[in-house]
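**Q** For reference, the structure I am asking about is given below.
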Amino acid sequence: MSRSGWPGSTPSALISRRRTFTPGHWEIIPKAPKTDEVIFHHGDMLEQKVTFAGKRTADYVGRVITFRITVENGVYPQTAIGHQFNEVWIRANDA
């Protein structure tokens, strides 16, 4: 059973979805078209493989670093797991 506005619902145009595909990864982030509010996202972990770096962080090249993530009210914090690279991103039109 599907609910209106959720994946698999008819019509699916009730929400706007951003889809990103890269070799080996994908994500779909649905948002409300009138408010741009993120309706939901799958998972709360992000893994990134470091492919280039400066002198201070060169030892990270080739490593996979992990973050715990959330998305709420235009704010996207990444909390480092096992490293020091905490970040907080804010949607440009909310800053």
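**Q** Name every residue in the range 30-50 that is in contact with a Gly (Cβ under 8 Å, 6 or more places away or on another chain) and of a type in the set (S, T, N, Q), in order of residue number.
**A** none
**Q** Here's a follow-up. Just for strands (runs of 3 or more DSSP E) wholly inside the range 34-95: which have at least 1 residues that are surrounded by 10 or more Cβ atoms within 10 Å (Cβ to Cβ) and modelled with pLDDT of 90 or more?
**A** In the range 34-95, the matching strands (runs of 3 or more DSSP E) lie at 64-69, 75-81, 87-90.
The values are calculated or read from the model by the stated rules, or taken from the named source; none is laboratory data. Note that the coordinates shown come from a computational prediction; the quantities given were computed from them, not determined experimentally. Because the Cβ atoms are built from the backbone with ideal geometry, glycine has one as well, and the counts that use them run over all protein chains shown.
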